[in-house]
Amino acid sequence: MVNIYTEKDANLSRLDGKTVGIIGYGSQGHAHALNLYDSGVNVMVGLYEGSPSRENARNAGLTVDSVAEVTKASDVIMVAVPDHVQKDVYRDEIQPNLGPGAALMFAHGFTIHYGFVAPPPSVDVLMIAPKAPGHRMREHFVQEGIGVPCLLAVHQDATGNAKEIGLAYAAGIGCAKAGVLETTFKDETESDLFGEQSVLCGGVTSLINMAFETLVERGYPPEIAYFECLHELKMIVDLIQQGGFNYMRYSVSDTAEYGDLTRGNRVIDENVRSNMHRVLDDIQSGAFAKEWMSECDEGRHNFLRLRQEARTSRIHEVGRGLREIMPWLNPREIE
Ligand code: NAD
Ligand code: MG
Ligand code: MG
Ligand code: MG
Ligand code: MG
Ligand code: MG
């Protein structure tokens, strides 16, 4: 069983008199900075000169400076820039300004686990990884006063206080309200990559797309295929989240349940299981991390081409038209 900590285990006052520097103001960075600020923590935001996020952060009342200056001024530094730039930002701006006894924090274990960043032994190195997109985390905090769960891991405990700092930070961003699960950089990194590749992002979009194309190829109207294979998925996932597979199956018709139990594993068969093992092998061996970092170092040509192809695919064209007639979904179109 993993240790699960909540607010009673966390002491926000561990951050009293300390400055927390949030490096980056994107999805995670803005949510961490604003939630900590609202919790009364002394926050600074570190961004490069000319970053469009600078104005957003200032307009929200936050103090903004360069990454180097914020690192110098901070006792706790959260690295919330994209994983693939962390190596360079760390080498050029963070590492030269990192004082002994500082806490260097990450929201995902990628750069530390795969060795792209190797901090000196004089600092604490830990992770608070919220299990939600940053914008959802901020919305929950503001609108409902609730938190999202997060993972805590300590990679290096120079001061002997790393875990307490992590728990205080989790309280400040609201995660301790939901639950802080203790893990390791290895387990967080590898399970996070596997989850997003095989289910959350890669698996689910491939499943939807293949089913959509199958119906369209066999002459069914794309609009009908879109509703069946994509739009309805959220309602099914909500039931699964609320009460597991049992509650979803209880809620759907017996016909749907019989089809599920007899056809599901024909679609997702043992080949898929072995594919998943191979995907996990690449994660564990570091092959995926190496490939992704090289892709970034070499100008991301392959990535940008794949992204463009996906953005202009048939399901996207059909979906855009249908979302227009459902304004209550608050459609967001990325071109
Ligand atoms: P993001 O792309 O949304 O935001 C990145 C921010 O970094 C932007 O403000 C950008 O201007 C800034 N930035 C980019 N290059 C910079 C540089 N060279 N110097 C200074 N600032 C720079 O990133 P994100 O999705 O919030 O990811 C940040 C970290 O959080 C990653 O480690 C990621 O794995 C982790 N994480 C993200 C989510 C999520 O909700 N997106 C969830 C859990 C963990
Ligand atoms: Mg993105
Ligand atoms: Mg994840
Ligand atoms: Mg991830
Ligand atoms: Mg149906
Ligand atoms: Mg039923």
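When the accessible area of the chain is split by element with a 1.4 Å probe, what percent falls to carbon and sulfur?
So the carbon and sulfur contribution to the accessible surface is 53 percent.
Within the range 230-269, list the residues whose amide N lies under 15 Å from a label point set 7 Å along Cα→Cβ of ILE224.
Only 230 pass the distance filter.
Once the Cβ-Cβ distance between THR262 and ASP38 is put in as r, and R0 is 56 Å, what FRET efficiency do you end up with, to the nearest 0.05? If you can, show how the numbers build up before the last one.
On the way: r = 51 Å, r/R0 = 0.91.
So the FRET efficiency works out to roughly 0.65.
Based on the alpha-carbon gyration tensor of the range 1-155, what equivalent-ellipsoid semi-axes (square roots of 5 times the eigenvalues) come out, in whole Å, largest first?
On the way: eigenvalues 94, 77, 46 Å².
They are 22, 20, 15 Å, listed from largest to smallest.
Along the charge dipole of the range 110-261, pointing to its positive end and built from +1/-1 on Cβ of Lys, Arg, Asp and Glu, which listed residue (GLY244, PHE194, PHE110) has its Cα farthest out?
Ranked along the dipole, the leading option is PHE110.
Students often check this: by mean Cβ neighbours within 10 Å, which of 185-193, 57-65 ranks highest, and how do the rest follow? Could the numbers behind the result be given before it?
Details: 185-193: 19.4, 57-65: 15.4.
Result, highest mean first: 185-193, 57-65.
Return the calculated 222 nm mean residue ellipticity for the chain, to the nearest 500 deg cm²/dmol, obtained by summing -39500 (n - 2.57) across DSSP H runs with n ≥ 4 and dividing by the residue count.
Details: 16 runs with 168 residues, N = 335.
For the chain, the value works out to -15000 deg cm²/dmol.
How tilted is helix 202-217 with respect to the longest principal axis of the chain? Cα atoms for both, answer in degrees (0 to 90, nearest 10).
20
Using a 7 Å offset from the Cα along the Cα-to-Cβ direction at both TRP328 and LYS290, what is the distance between the two label points in nm, to one decimal?
For the pair TRP328/LYS290, the computed spacing is 5.2 nm.
Taking the range 60-121 on its own, what percent of its Cα-Cα pair distances exceed 19 Å? Kindly include the intermediate steps, with their values, before the conclusion.
Details: 489 of 1891 pairs.
Beyond 19 Å sits 26 percent of the P(r) for the range 60-121.
Can you list the cysteines of the chain that have no other Cys Cβ under 4.7 Å away?
CYS201, CYS229, CYS296
What is the dipole size for the chain, taken about its Cα centre, with +1 at each Lys and Arg Cβ and -1 at each Asp and Glu Cβ, in debye to the nearest 20?
Numbers: 30 positive and 46 negative charges, 46 e Å.
For the chain, the charge dipole is close to 220 debye.
Which three lengths, in whole Å and largest first, does the range 132-264 cover when its Cα atoms are put on their principal axes?
65, 30, 27
Rounding to the nearest 10 and keeping the result within 0 to 90°, find how far the Cα-based axis of helix 254-267 lies from the longest principal axis of the chain.
70
Just the Cα atoms of the range 210-335, one point each, no solvent: what log10 I(q)/I(0) does Debye give at q = 0.17 Å⁻¹?
Relative scattering, expressed as log10 I(q)/I(0), comes to -1.23.
Could you compute how much accessible surface ILE146 exposes when probed at 1.4 Å, giving the result in Å² to the nearest 10?
Accessible surface of ILE146 is approximately 80 Å².
Which Rg and Dmax, in Å, describe the Cα atoms of the chain?
My reading of the Cα-based Rg and Dmax gives 22.0, 66 Å.
Can you give the Rg to Rh ratio of the range 1-89, both from alpha-carbon atoms, with Rh computed by the Kirkwood formula?
Values: Rg = 13.8 Å, Rh = 13.7 Å.
Radius of gyration over Kirkwood radius for the range 1-89 works out to 1.01.
May I ask which of LYS177/LYS290; LYS18/LYS87; LYS8/LYS290 have a Cα-Cα span longer than 31 Å here? Each step should come with its number before you reach the end.
On the way: LYS177/LYS290 36 Å; LYS18/LYS87 25 Å; LYS8/LYS290 40 Å.
Correct reply: LYS177/LYS290; LYS8/LYS290.
Provide Rg over Rh for the range 208-267; use the alpha carbon set for both Rg and the Kirkwood Rh (inverse mean inverse pair distance). Provide the component values of the computation, followed by the final result.
Details: Rg = 12.6 Å, Rh = 12.5 Å.
Computed over Cα atoms, the ratio is 1.01.
So what's the range 293-335 giving for Rg/Rh, alpha carbon basis, Kirkwood Rh from the mean inverse pair distance?
Details: Rg = 14.3 Å, Rh = 12.1 Å.
Expressed as Rg/Rh, it is 1.19.
With everything on Cα atoms, drop me the angle between helix 185-195 and the longest principal axis of the chain, reported from 0 to 90° to the nearest 10.
20
The values are calculated or read from the model by the stated rules, or taken from the named source; none is laboratory data. Because the structure is a prediction, the values reported are computed rather than measured. Virtual Cβ from ideal backbone geometry, glycine too; neighbours counted across all protein chains shown. Just so you know, the surface numbers come from the protein's heavy atoms only, side chains and all, with ligands and any DNA or RNA stripped out. Shrake-Rupley method; radii C 1.70, N 1.55, O 1.52, S 1.80 Å.
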